[in-house]
Amino acid sequence: MLIDERLKKLGINSPEDAAFYFPTEYKDYRVVIQNFDPYLIPVGQEAVFEGSIKGEPATSFVKGKPKTMATITDGWNDLTLSMFGDCRAQIEEWQSASIVRIVATANRVKGKVYLNNAKPIPGDCVGAIGVSYPGKAKVVKSSTLSRLIPPLLEEGIPKAAIHLENLVVDTLGQGAVNKVLKGATTESLLWEVHQPKDEYSLEQASGVLDRLNTLYAAHTIINKSKTSKVEKGLIVQSRAVGALARNLPFELTEEQKKCVRTALNVMQSGRRFRGLLIGDVGSGKTATFLLIAATVLSDKGRVAILLPNAVIAEQVYNEFNESFGRFFSSLLVTNNTPVGEEASYQLLIGTTALNFRECGDFALVICDEQQKLSIEQREQLTKGIAHTLEVSATPIPRSMALATHGAVETLIIKSGHVKKQIVTHIARKQDARAMFLELKKRLAEGGKALIVCPKRLSESGDIGGLHAAEDVAEKVRKALPGVGIRVAHSGLSSEENEQAIADVKEGRASVLVSTSLVEVGLTIRGLNFCMVYGAERFGLQTLHQIRGRLGRHGESSVFYLYLPNNKVGEQTLERLNILVEHLDGFEVSRRDLLLRGAGDINSDTGKQHGMTDGLIRNRMLDIERVGAAVDYLKNIYKKQAVSEAA
């Protein structure tokens, strides 16, 4: 069967794939209203209306957008319906039909009933529960998927059912699967999700499939925690590690030393190390992973350190060479580095340019700021054999989920060399004056300020509340005459940005207005005020990274999440309040995991947060239930091992 190219862009390459692409929304079209008596029509809820179009529809324009009014009748009573957008083709189709069916919400005004937001409904949905599949922007609409997917299910569901049952039986065992299915078949469950008979059957089928999905995810996590062997274990004496550590600019804390020992112990055991180093901005993560890298280099192992941009790569390259440059050969690899001699160096430090070079094999691959890199970019250098250490202040939800349930070794640095004192506030438009007075006060006391904007330029001002760095900088200049203001964003050259940052660092200016390019790698002594303009447009990880620029030397600081647009939803406020309540990056990431979902933890490619796409598409995994399933399966596997040993 030929598959539409738009489906292929969603990863649906066969009828079987279509069966695993689940609907995310259901609407009840079973009640059809054919009697339009105004006192019998349910008001305020969506319903299906069946009748015929009466007279000529009329189209007017509201704020430049077409609005069509038409009359639908049951033969005795008339109802006025409204439709928005270009409805010409739909109206023509209705006028040629004897019976039309629409879905709309009824409202009563002065005894008269109006049908608002009327939409056509396919004939095969009438009298049934309709399903809606999630589309993808600029690829395919949800309404198109509702037309393309159903014809594939007759062939796809039986095949998907066999595949699903074989997969879960092979991984979980027939006994565990039977307990979950409770007499149902995987084929009947899949049909119920795509073409539900009623709410109860749909709820039951969804629950069973979600449990299978959860158990499979738990099995995947347990498998990931079983580390593979490496060709040669690391050989290094503890005193050698101590000697290397003395080359660092400061003595490591006990937490940092423990992280180093844990990583090296796994490598020495001959098992492949897969670790996640979590530590807040300024906690000393870089020194920790550089010591681990130097130790591997001392045992003749090659190391790659992957970073998200050239500025940070150069910074880490310089830090390594200041401490260990006289012992090991290293090369900085960016897009500007000539191609050719990468494989001859012991250590490569660079951007994703490393992924496009012939670099040879590595004993250890370190990915710093891992939340900025895709799974594919991080995994490519390891070739499935190297030890891996990912580093972040705010890990992506997928990594956090794997760390939480033991699929990777978690190394945590809670305390830094400097105690941070940062207070976070959510500020609305009415709080702007108080926020501005706080800015003036801190500047008058010798402090420095950072203002972060969602974009760099605007041709016609603040369109839709999306404030540009250049516009905001001009406003600040007018409000603070005599204060040095500098601007940094991706529209400027790297030299211009470096000069702007240097001016603030060295006291020639006090305020830096920037985009989020400053979220990593920026250290300015005395920076104690930061405002993020339009904070609702930034992710939690980015906001926490920006906040990490404050108080790097112990300054008491304030961080404002400014919402100039008062129309901010409850979910957005819940998300931003996580930053108000928590200063610890580990806790921010944990809460982010619960909010956004774990992503695709069933494979080493795919999404890093949100719906899981490993076994069943478009289903959110409950991470707490996954944790319980991990414990449940470990207990089963333990009993099986004891039974087999006996």
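The values are calculated or read from the model by the stated rules, or taken from the named source; none is laboratory data. These figures come from a predicted structure and were not determined experimentally. So basically every Cβ, Gly included, is an ideal-geometry build from the backbone, and we count neighbours across all protein chains shown. Calculation scope for accessible area: heavy atoms of the full protein, side chains included, ligands and nucleic acids excluded. Shrake-Rupley method; radii C 1.70, N 1.55, O 1.52, S 1.80 Å.
Legend: calculated FRET efficiency, Asn166 to Val31, from the Cβ-Cβ distance at R0 = 41 Å, rounded to 0.05, equals 0.55. Selection among Val31, Ile578, Gln421 by position relative to the dipole of the chain gives Gln421 as farthest towards the positive end (Cβ unit charges, Cα centre).
For Tyr114, the shell of other residues with beta-carbons less than 13 Å away shows a net charge of +3, using +1 for Lys and Arg and -1 for Asp and Glu.
A dipole drawn for the chain from +1 and -1 charges on Cβ atoms has a positive end, and of Tyr114, Leu7, Leu364 the residue lying farthest that way is Leu364. Checking the a/c ratio against 1.5 first, then a/b against b/c, what shape does the Cα gyration tensor give for the range 227-334? Here the range 227-334 falls in the rounded category.
Apolar share of the accessible surface for the chain: 50 percent from carbon plus sulfur atoms, 1.4 Å probe. Between Ser269 and Gln571, the contour length at 0.36 nm per residue exceeds the Cα-Cα span by 104.1 nm. Prolate is the label for the range 254-296. Its Cα gyration tensor axes, ordered a ≥ b ≥ c, give a/c of at least 1.5 and a/b above b/c. In the context of the full set of protein chains, the chain has a per residue accessible area of 47 Å² (1.4 Å probe). If R0 is taken as 56 Å, the Cβ-Cβ distance between Ala128 and Asp631 corresponds to a FRET efficiency of 0.90. Restricted to Cα atoms, the range 45-122 shows a radius of gyration and a Dmax of 11.9, 35 angstrom. Once the Cβ-Cβ distance of Lys179 and Ser415 is raised to the sixth power relative to R0 = 45 Å, the FRET efficiency obtained is 0.50.
Roughly what % antiparallel, to the nearest 5, for the DSSP beta bridges in the chain? The antiparallel fraction comes to roughly 35 percent. Once the mean of 1/r is taken over each pair of separate Cα atoms and inverted, the range 161-213 shows a Kirkwood hydrodynamic radius of 11.1 Å.
Summing +1 for each Lys or Arg and -1 for each Asp or Glu among the other residues whose beta-carbon sits under 15 angstrom from that of Asn318 gives -4.
Could you compute the net charge surrounding Leu348? Neighbours are other residues with a C-beta less than 9 Å from the C-beta of Leu348; K and R count +1, D and E count -1. If you can, show how the numbers build up before the last one.
Details: positive: Arg302, Arg357; negative: Glu342.
Once positives and negatives cancel, what remains is +1.
How many angstrom separate the Cα center of the range 1-73 from the Cα center of the range 494-547? Between the Cα centres of the range 1-73 and the range 494-547 lies a distance of 47 Å.
Note: the range 1-61, Cα convex hull, 241 Å³ per residue.
Checking the a/c ratio against 1.5 first, then a/b against b/c, what shape does the Cα gyration tensor give for the range 5-100? Verdict is prolate for the range 5-100. Multiplying each eigenvalue of the alpha-carbon gyration tensor of the range 19-178 by 5 and taking the square root yields semi-axes of 39, 18, 14 Å, largest first, rounded to whole angstroms. Net charge dipole, the chain: roughly 1540 debye, given to the nearest 20, about the Cα centre with Cβ charges of +1 for Lys and Arg and -1 for Asp and Glu. Helix content alone sets the calculated 222 nm mean residue ellipticity of the chain: runs of n ≥ 4 DSSP H residues at -39500 (n - 2.57) each, divided across all residues, give -12000 deg cm²/dmol.
When peptides 267-279, 25-37 are ranked by their average number of other Cβ atoms within 10 Å per residue, the highest-first order is 267-279, 25-37. Largest first, the extents of the alpha carbon coordinates of the range 110-213 on the three principal axes equal 62, 35, 23 Å.
Based on alpha-carbon atoms, the Kirkwood radius and the radius of gyration of the chain give Rg/Rh equal to 1.03. Model label points for Glu254 and Lys440, set 7 angstrom from Cα along the Cα-to-Cβ axis, are 4.9 nm apart.
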